[in-house]
1. Which residues, counting only those in segment 113-150, are open to solvent by 10 Å² or more (accessible area, probe 1.4 Å), β-branched (Val, Ile, Thr) and not in a loop (DSSP other than H, G, I, E, B)?
2. Quick one: Arg229 ticks every box in (1) touching a residue at least 24 places away in the same chain (Cβ under 8 Å); (2) farther than 24 Å from Arg294 by Cβ except a single one, so which number is it?
3. Quick one: in segment 283-323, which of the residues that are among the charged types (D, E, K, R) and assigned to a helix (DSSP H, G or I) is modelled with the lowest pLDDT?
4. Does any residue in segment 247-265 that is within 17 Å of Arg158 (Cβ to Cβ) come within less than 7 Å, Cβ to Cβ, of a residue that is open to solvent by 30 Å² or more (accessible area, probe 1.4 Å) and at pLDDT 85 or above six or more places away or on a different chain, and which pairs are these?
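The values are calculated or read from the model by the stated rules, or taken from the named source; none is laboratory data. It should be emphasised that the depicted structure is a prediction, and the values quoted were computed from it without experimental measurement. With ideal geometry, Cβ positions are generated from the backbone for all residues, glycine too; neighbour counts draw on all protein chains shown. The protein model used for the area step is the full one, side chains on, heavy atoms only, and it has no ligands, DNA or RNA in it. Shrake-Rupley method; radii C 1.70, N 1.55, O 1.52, S 1.80 Å.
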Amino acid sequence: MTHEVGDWLRRRSSAAADWPVDRLLDAKRDTRVSVVLPALNEAATVGDIVKVIRTELVERVPLVDELVVVDSGSTDDTSRVAADAGARVVHRDDILPALPAVRGKGEVLWRSLLVTDGDIVAFVDADLKDFSADFVTGILGPLLTDPSVQLVKAMYDRPLEIGDTIVPAGGGRVTELVARPLLNLHWPELAGFVQPLGGEYAARRTLLEQLPFPCGYGIETAMLVDTLRLVGLDAMAQVDVGVRRHNHQDEAGLGRMAAEILRAVERRLRRAGAHPAEPNTVLTQFERDETGFRVRTHDIAARERPPMATVPEYRARTRLVER
């Protein structure tokens with residue numbers, strides 16, 4: 001891990017407890033805050049999330065100015081449940097109807113900018129279980145209190161639940177197998193993000209309106225890379241919100257997610273002139289201990305030997321055998 005990333009981790013990492021609501025209200029002033037939930041067939045969970053945000057951050061304290069659920073084509077009761085819980089519900093296809101919508105999370109997030117007006121926009125996935133308002137206050141904290149911060153990601157543990165079996169940190173499979181290695185290789189400045197693919201993050205509208213949005217699952221990876229390019233690492237931060245429990249995709253779904261992330265990365269490498277620099281060969285990973293997330297680094301140089309026919313000792317041996 002580079003000195004730059006180590007220094008960034010110390011300065012730009014915090015915990016949700018560091019951002020109490022009264023401190024955020026004092027800092028909010030005239031800043032408008034929008035919270036957006038992209039939702040597709042999430043009737044089982046979206047209502048509880050909306051209720052928590054509505055009760056604790058709209059009614060109890062005026063921190064969130066608008067709470068919007070963008071339904072991307074649900075066939076269950078997602079829209080009704082979200083509306084009954086207190087959200088404004090907008091259907092994806094009703095936003096910018098002159099441009100036919102395509103499927104994908106990034107498409108929904110992109111269109112949500114047209115139906116919200118917050119100076120800060122916070123995105124929260126609609127499949128979270130045991131949701132806490134800390135997910136929202138945490139990612140808003142650095143943005144409301146520090147004008148130099150442009151984007152804040154949530155970090156957390158992601159347990160993998162398979163029936164009655166729980167693997168405490170097993171839920172980030174695409175993160176660990178695809179996204180983190182790619183970011184470490186090509187954008188080592190981003191190696192300090194614990195959950196680069198996490199769906200809970202907030203950003204200033206002035207940043208979001210400058211970013212291209214991959215329509216599918218490449219959105220989170222692309223947003224990190226493009227934000228780094230536009231405003232630099234020091235304008236980004238992350239906040240520990242504890243544990244994130246949510247629904248998990250099967251292997252086929254994870255494969256599609258991985259492919260879309262690879263496509264987003266490939267496109268950004270091409271824009272930068274294919275491979276603009278020698279890839280980084282140190283992989284940074286994270287483990288939770290009693291003090292928080294601890295850094296673990298590994299050499300991944302993946303050395304390669306030349307064809308044996310080019311090795312002088314082998315060629316000499318071959319000539320001896322031929323004689």
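1. Within segment 113-150, just Thr145 meets the criteria.
2. (1)
3. Narrowing segment 283-323 to residues among the charged types (D, E, K, R): 287-290, 294, 296, 299, 303-305, 313, 315, 317, 319, 322-323.
Subset that is assigned to a helix (DSSP H, G or I): 313, 315, 317, 319, 322.
Values: Glu313: 76, Arg315: 82, Arg317: 78, Arg319: 74, Glu322: 66.
This residue is Glu322.
4. Met257/Tyr217; Ile261/Tyr217
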